[in-house]
Amino acid sequence: MDAEQKYFTVEEVNLVLPKMQALVDEVQHLHERIQDLGTQLLEREGRARHGEQAAGGPAEVAEQGMTTAQVQFLARQIEDRVEAILRLGGVPKDLGQGLVDFPGRVGGEEAWLCWKSGETRVRFYHGQHEGFSGRRPLPSADTLH
């Protein structure tokens, strides 16, 4: 964290969690949709290789082009959601698991206030160089600043 870094309080994080939850849910849904489209493309290629469809015919090429365009569109939608997460002050760690950290201070030391999708409030933190496995419960409110 740098000298210009904004540090969040637990209360500030808790205020943005409903919007954060919605954004993470959207990213996960969009990612699932991309995976589904990728599976469809692979199945289509497999059928073409086994002679079940005319490989490379005009309809197949058009369908693949549409699917590719859909994937690109969905990927841009994910990028937009990630940018919104960053604008809220969150630092995405693993959006598949719904992990987002917020820079904060615990006991006077820099730390990451650690939130996981499904949690209704931030209750954990970890050190600057620790990850999710280093998550610890937040201490009492009087030691957070």
Per residue accessible area of the stretch 66-145, 1.4 Å probe, in Å²: 56
Summed over the other residues with a beta carbon less than 12 angstrom from that of residue 99, with K and R at +1 and D and E at -1, the charge totals 0
Rounded to whole Hz and in sequence order, give me ³J(HN,Hα) for the stretch 74-91 from the Karplus expression 6.51 cos²θ - 1.76 cosθ + 1.60, θ = phi - 60°, writing x for Gly and Pro. 5, 5, 5, 5, 4, 4, 4, 5, 5, 4, 5, 4, 5, 5, 6, x, x, 10
Filtering GluC sites (Glu not before Pro) in the stretch 68-145 by DSSP loop and by at most 15 other Cβ atoms within 10 Å leaves 119, 130
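In the stretch 66-145, what trypsin sites (Lys or Arg not before Pro) fall in a loop by DSSP, with at most 12 other Cβ atoms inside 10 Å? Can you show the working numbers first?
Values: sites: 76, 81, 87, 93, 105, 116, 121, 123, 135; in loops: 121, 123, 135.
Hits after loop and neighbour filter: 121.
The values are calculated or read from the model by the stated rules, or taken from the named source; none is laboratory data. Quantities reported herein were computed from a predicted structural model and do not represent experimental measurements. So basically every Cβ, Gly included, is an ideal-geometry build from the backbone, and we count neighbours across all protein chains shown. Heads up: the accessible areas ignore ligands, DNA and RNA and are worked out on the full protein's heavy atoms, side chains in. Shrake-Rupley method; radii C 1.70, N 1.55, O 1.52, S 1.80 Å.
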